[in-house]
Every structure is written in structure tokens, then in C-alpha cells.
Amino acid sequence: MLDSVLIANRGEIACRIIRSARKLGMRTIAVHSEADSKALFVEMADEAHPIGKAPATESYLVVDKIIEVAKTSSAACIHPGYGFLSERAEFGEACEANGIVFVGPPASAIRAMGLKDAAKALASQAGVPIVPGYHGSRQEPDFLRQKAYEIGYPVLIKAVAGGGGKGMRRVDKAAEFEAALESAQREAASAFGDPRVLVEKYVLSPRHIEIQVFADKHGNVVHLFERDCSLQRRHQKVIEEAPAPGMTAQMRAAMGKAAVEAARAVGYVSAGTIEFIADGREGLRPDRFYFMEMNTRLQVEHPVTEAITGLDLVELQFRIAAGERLPFGQHELRMDGHAVEARLYAEDPEKGFLPSTGKLWALRFPDGEAIRIDTGVKEGDWVTPFYDPMIAKVIAHGATRDEALDKLSDALGKTAVAGPKTNLAFLKGLCDAPEFRAGRFDTGFIDANLGALGAVEQRLDAAAVAAGAARLHQRLVSEAFDVVHRTQGNLSDPWNDEDGFQLLGERRVGVPLLVNGARLETLVGFEAGEMIVHVPDFGFSTRAALDWSGDYRRLLAPDLDAELIDGDGAVFVLRHGRQTHVARFDPFAVDLEHIDEGGTVKAPMHGKLIAVFVQPGDRVAKGQRLAILEAMKMEHALVAPAAGAVVEVAVEPGAQVAEGARLIVVQPDDA
Ligand code: ADP
């Protein structure tokens, strides 16, 4: 066995790889950016070496620096994880050139599958069905529009070098083709340095079903069954499961065979995934699935395959890299039960899933039987804007699909995250959605059900506000009494007459708060040992008993099914998977992020402004696109908050902007 491994990655996957390597007795070597110097994977590894600044282009993507560390630390092999350098053929070559084993496929296989057009040609030659479309080299807009017409709308424009859904646009009619093409090409050029695209038929009612393959260096190739990753948003997977609902033995055999053939066609070695799209209009049928692409690396969702096969895929990767044979043949592989994985993200589903950064004031997972948590962060860590904002993967395994989904739903309900906003409630909603439970879904399911899943701007949770307010007020009262306590000695009942409180019925005091950054009035009253919090805007009141008998700081919180977490000088209230941030309103503090001036367009997050479409003096309509911000590897359109005239454009394209920075000011017509 290889005696040591350098992990050229970060976060949860680095932690995951370290666990398997350690089990095999390997020395583990981490490399990390400045932003990750205190990260969990750095702590876990036997050694850790800094390789540069926070942006991945200055650290995790710099081949030379990583190879240098591998040499000085005498790493026997490098595991690239997923993302970053995992699918760069040059990286594998650089490893081999320096006598370091690359834990992955040969560079030739990565190259062959690296471009979607070439991969499709290859698959097609190997007899694997592909989606009808234009996969040639011509790129003129008119020519591609003609091809789209011939293929028939709807079509999908895809970046040839694409990945992660970037540079991909669905087009429903000819009139929208040109704009979609331009934006796909721009995104592809900036993400992959290659603007080329292909155009293919948009498969209706599409199911994303992929086959895990494994090949050793001795010509043995097997598949480890399928995963269904149809629950996606913006072509990014949200929930993955194995096996696929509605899968038949006949279809599984056909897909497995096609996947193994595609892998053989490129001389594949190690773990790989063949992604297929299945036309699910009439259930899954063996003649209605098409090759999409091959991912020549470990997948984020590999744990569901591990759960149903009982195998450790990372261990297998190491064994194969060391030259061992696959320890089983196809006929020896069995599936046990059903597994589901949910990707827990730091993002705000109520605000278009904008990534949300910040300190993790609380991070707690349930530890249950058949629940696996893969994470790369711990309480007190920060979710930074530099990398993918995934907090954890929560994986559940059960005898049946329903049992697995019940366990996952339950685990998500018991997970607590305070600080960044998360998609917890959204994920739980998905697990419980009746249509999904019934197996009636395709890749459009999430988009079609955003409202029902709570991924729309929602009313403030008044109960959460009241609970947070009660806690804040309690803290204030406690502080005040701490002072009294220190100066006047012991107090048994701070509400007695001598303390100056008039308890003639309920006395109310107005207390302004900042709730999720917006001002909100609350009233607090005290009556017979109870604190009563009113949120007049919502017609909501709640009582909290004050327990002054022993520890006078104790507040018997109202029974609102809420969890309160102190942090940031405020209170995070977690209730039903949603988070409400309750802070005292300080009239002298300027809250840059949340000043609401009607017409000001601010950066919703750290990022780079890549296009500005207006200049001072322009008239704009409400909702009109004003600029595009690229952040967290995605493009976000910034739109006019109201109809009016542009009075200020504060930044130029290309500028890096901070969250909350003022970008464009529109003077609304009705102001
Ligand atoms: P990427 O490499 O950027 O992730 P893929 O080619 O893997 O792109 O496609 C990502 C997702 O887009 C798929 O899972 C599927 O949901 C959807 N998709 C891809 N091709 C098609 C198609 N021809 N018709 C409908 N949906 C598609």
C-alpha cells in the first residue's frame, strides 16, 4: 500500500479522504490556503502546509506549489478530491512526472472525457446512446440558431468545457436564443477559459441518473449501480439517492452495461461516474436514456453508493492506485436498502438561494443510527466567500426509500445552524414533499415547487421575533440587576416594590429591534413575574415566565419550539429550520448592509462586478437588469428596485465589491 497521501483539496472531502487514508495506515498531508489555516481538515491531517492566499487561483489551483509540497513531504500519492484540480489532465501528468502516484484515472482518460463534445462522440462510437444535437465545432450565432431550429425547441446550450451547470442555458424559443447564447458563452469563457458551446435537444421530464464505475489497472471494470440526482436547482444537485425510484432490473442492466463500455472506451482506471439523462415521461424505459458526460473523479454524492454497497470508495481508489486488483466481480456486488443524501448549504432560499457567509455560531448534528454526516467545518468556523458554501452532507440509510427519507427528514429537523442562513427547511420540505415521496419528479421538480418548499420571500416569523426579543430583554434586565446585585447585595425578588418597579397591571415599554436587519417595533411588558412580548405588526404576543427564585438570569422561554443561540451581540432564533436574527436597534449605528433607501442597489454579497448596463441619466423600468455580479462562482443579475432614473453608478465593471457596497442609485419616479 502507498504509505502517505497529500490531499490537494479542502473542506469536507479532504476530511473524508483523511479518514480512509488513516484507516489504511497512511500518513496524511494537507495543503491549505490562508483562509483555511484553522480548518478542520488541517487539524485532522498529520501535517499541513500553507500554499497561498485565499482565492483558489492562488492556492488550491496552483499545480507547482502543490507538487513542491508533495516532493518535500515525500508524499507517495496525491488525492485530488473533487473540483479544483481533480479533472485537470496536466495535474495528473505533473504528479507522474515527479514520481508521485495520482489517485485517479490516466491523463488520457481525463482528456478524452474532458470536453463534452468529444466525450459524446466517443460514447456514441462505443455504442452508448447520446442526446440528439449539434456537437460540432462551428460557433457562429446564426449557424447555431439554425441548428437549434433543426433540433427543435426547447434546446439546451451547454459549454463544451462545462461543469457544475455553468455556461448552460435552456432556450424555449428562437427569440431568446441569441441572448442565451451570449450569456452562456460569457459564463463559459470566464469559468473555463473556453467559450465554445454545443446545442442539444432539451429532454422533457428529464431524470438525472448516473452510474458509478470502478476500474483497476488490470482491465477489470465494474459498475456500482445507479444514483438518482434529479432533484437539482440551476443544474446543481440538491438531494441524491440510490437506487433510483422506479428503476427496473432491465434498465439497470442496460445502463450499467453502457457505463462500463464508455469507461472501457477511454481505458479508464479508478472511480468514475457516467451521467445519463433519462426521459421520464412514461416512467424509466431502457430505450430512453442518453449519455451526458463522464466525471473522471470521485463524486460529491458517493456516500449514497457507499451506504447501499457497504464499500469505502476512497479506500478502493487507494488500492487501485497502488496497483491492486478490484476485489470483486460484477456478480458479487449487491445493493442493501436505500440511501439519500442532502447537501446542506449556507444560502438563503428565501432570497433566491444567495450564498450566505459568516461565522457559524452554532453547528450541531444529530448522531443517529444510519445517519452519516460529512462536514469540513465545526462550530466557530467561518463560511467565507472564497469557496463552495456547502456546510455538510447529511446521509441516511434505511431498508426502504420511505424509511431512508424519514430518517433524513428527522436528522435535518435536529440539525442546528446559527449564523449564515441555510437551506435546512428547504431540504426538509423536499424530503417530505408528497410527489417526491411518490417518485413523481424530474429535474424540474424544485423549480416548479419553490413556493411550496418555502423558497420564496416569507413573512417574518413573529413567534421567533418574540422569542428573540424575550431573550434580548432578559439579558438587559439581567445586566441591570447584575449591577444592582453587586452594589446592593443579594436580591431575592428583583420585582418587589423596593426595587422601584410598579407592578400595577402590565407595564409596557417600546423596544425597537432590528430583525433580519430591518427595524421592527416590539413592546415588552412585565406582569406578575412574567415578561410579555408583543409584536404589534404581526398581532402576536407571548409570555415568558421569569424565574427569580434561584438564578435570576433564568428565563423560562415561551414554548415556541424555538432554539435561541446568542452570538454577534444578538440572538439567532432557529425555528422549523428557519433562522431569524434579532438584534437591538441602536439609533446611532449605521447598518450599511440594510439601509433601505428605496432606490439604492447594493451588492448582496462579496463579488466581482462583471457588467454594468446603465449610466447616470438612463431611465429604467422596475425589475430591469442593471448589472451582473459574479459571486460564489455564479452570475447574479442586479435589477432596478423601482422605475425611475439612474442617478449614480458608483462602480466600474471589473471592480471587486464588498457585501453591502452601494453600486447603483435609482431615483424612483414616485419619490
Ligand atoms: P454540468 O457538467 O455543467 O454539470 P451536465 O451536462 O452534467 O452539465 O448537465 C447538468 C444537468 O443539466 C443534468 O443533470 C440535467 O438535469 C440537465 N441536462 C443536461 N442535459 C440536458 C438535456 N439535454 N435536456 C434536459 N436537461 C439536461
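The values are calculated or read from the model by the stated rules, or taken from the named source; none is laboratory data. Predicted model, so just to flag it, every value in this text is computed and none were measured. Heads up, the Cβs are rebuilt from the backbone with ideal geometry, glycines too, and the neighbour counts pull from every protein chain shown.
Go through the range 605-671 and tell me which strands (runs of 3 or more DSSP E), entirely inside it, have 2 or more residues that are within 23 Å of Ala188 (Cβ to Cβ) and charged (D, E, K, R).
625-631
Might you check whether a residue that is among the hydroxyl-bearing types (Ser, Thr, Tyr), over 29 Å from Val5 (Cβ atoms) and either assigned by TED's automatic domain parsing to the domain that holds Ala254 or surrounded by fewer than 22 Cβ atoms within 10 Å (Cβ to Cβ) (or both) occurs anywhere in the range 112-134?
Checking the range 112-134: at least one residue is among the hydroxyl-bearing types (Ser, Thr, Tyr), over 29 Å from Val5 (Cβ atoms) and either assigned by TED's automatic domain parsing to the domain that holds Ala254 or surrounded by fewer than 22 Cβ atoms within 10 Å (Cβ to Cβ) (or both).
Would you mind stating whether Pro50 is surrounded by fewer than 18 Cβ atoms within 10 Å (Cβ to Cβ), outside the structural domain of Ser190 (by TED's automatic domain parsing) and modelled with pLDDT under 95?
For Pro50, the condition - surrounded by fewer than 18 Cβ atoms within 10 Å (Cβ to Cβ), outside the structural domain of Ser190 (by TED's automatic domain parsing) and modelled with pLDDT under 95 - is not met.
Does the range 408-431 hold any residues that are closer than 19 Å to His338 by Cα, of a type in the set (Gly, Ala, Ser) and crowded, with 22+ Cβ neighbours inside 10 Å, and which are they?
Across the range 408-431, the qualifying residue is only Ala411.
Given the conditions (1) out of contact with any helix residue (DSSP H, G or I) (no Cβ under 8 Å at 6 or more places or on another chain); (2) outside the structural domain of Glu369 (by TED's automatic domain parsing), which single one is not true for Phe445?
(1)
Would you check if Ile373 is farther than 24 Å from Asn516 by Cα, surrounded by 20 or more Cβ atoms within 10 Å (Cβ to Cβ), touching a Pro at 6+ places or on another chain (Cβ under 9 Å) and at pLDDT 95 or above?
Here the answer is no, as Ile373 does not meet what is asked.
Just give me the residues in the range 307-326 being closer than 14 Å to Arg16 by Cα, surrounded by 22 or more Cβ atoms within 10 Å (Cβ to Cβ) and under 25 Å from the mean Cα position of the chain (by Cα), in sequence order.
Val314
For Gln299, state whether it is on the phi < 0 side of the Ramachandran plot, among the polar types (S, T, N, Q), within 30 Å of the chain's Cα centre (by Cα) and modelled with pLDDT of 95 or more.
yes
Check whether at least one residue in the range 321-329 is away from the ligand (no atom under 16 Å from the Cβ), out of contact with any strand residue (DSSP E or B) (no Cβ under 9 Å at 6 or more places or on another chain) and either under 25 Å from Ile371 (Cα atoms) or at pLDDT below 95 (or both), and report yes or no.
no
Just give me the residues in the range 431-474 being at pLDDT 95 or above, outside any loop (DSSP other than H, G, I, E, B) and more than 16 Å from the ligand (Cβ to nearest atom), in sequence order.
Cys431, Asp432, Pro434, Glu435, Arg437
Out of Arg619, Arg625, which single residue is over 23 Å from Ser183 (Cα atoms) and surrounded by fewer than 16 Cβ atoms within 10 Å (Cβ to Cβ)?
Of Arg619, Arg625, the one residue that is over 23 Å from Ser183 (Cα atoms) and surrounded by fewer than 16 Cβ atoms within 10 Å (Cβ to Cβ) is Arg619.
Would you please list the contacts, defined by Cβ atoms under 6 Å and residues six or more apart or on different chains, that run from a residue in the range 234-256 that is farther than 14 Å from Asp442 by Cβ to a residue that is more than 15 Å from the ligand (Cβ to nearest atom) and among the polar types (S, T, N, Q)?
Note: pairs meeting the criteria are Ala242/Thr305.
Going by what's in this entry, would Ala70 be described as more than 22 Å from Phe318 (Cβ to Cβ) and crowded, with 23+ Cβ neighbours inside 10 Å?
No; evaluated as a whole, the condition is false for this residue.
Only one of these conditions is not met by Arg233: (1) surrounded by fewer than 24 Cβ atoms within 10 Å (Cβ to Cβ); (2) assigned by TED's automatic domain parsing to the domain that holds Arg138; (3) within 16 Å of the ligand (Cβ to nearest atom). Which number is it?
Failing condition for Arg233: (2).
Can you go through Phe84, Phe91 and tell me which one is of a type outside the set (Asp, Glu) and at positive phi?
That would be Phe84, the only listed residue that is of a type outside the set (Asp, Glu) and at positive phi.
Taking the range 1-17, which residues are under 14 Å from Cys77 (Cα atoms) and surrounded by fewer than 24 Cβ atoms within 10 Å (Cβ to Cβ)?
Selection gives Met1, Leu2, Asp3, Ser4.
Could you check the range 319-401 for strands (runs of 3 or more DSSP E) lying wholly inside it with 1 or more residues that are within 30 Å of Ile100 (Cβ to Cβ)?
Answer list for the range 319-401: 371-375, 390-398.
Please go through the range 236-255 and pick out each residue that is within 14 Å of the ligand (Cβ to nearest atom) and part of a helix (DSSP H, G or I).
Matches in the range 236-255: none.
Conditions tested, residue by residue: (1) among the aliphatic types (A, V, I, L, M); (2) farther than 17 Å from Gly11 by Cβ.
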position	(1), (2)
Gly337	no, yes
Trp361	no, yes
Gly368	no, yes
Tyr387	no, no
Leu430	yes, yes
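Listed residues Ala627, Ala583; which is at pLDDT 85 or above and assigned by TED's automatic domain parsing to the domain that holds Ala570?
Ala583
Mind listing whichever residues of the range 256-293 are part of a strand (DSSP E or B), more than 12 Å from the ligand (Cβ to nearest atom) and at pLDDT 95 or above?
The answer is Ser270, Ala271, Gly272.
In the range 294-306, which residues are assigned to a loop (DSSP other than H, G, I, E, B) and of a type outside the set (D, E, K, R)?
Within the range 294-306, Thr296, Leu298, Gln299, Val300 meet the criteria.
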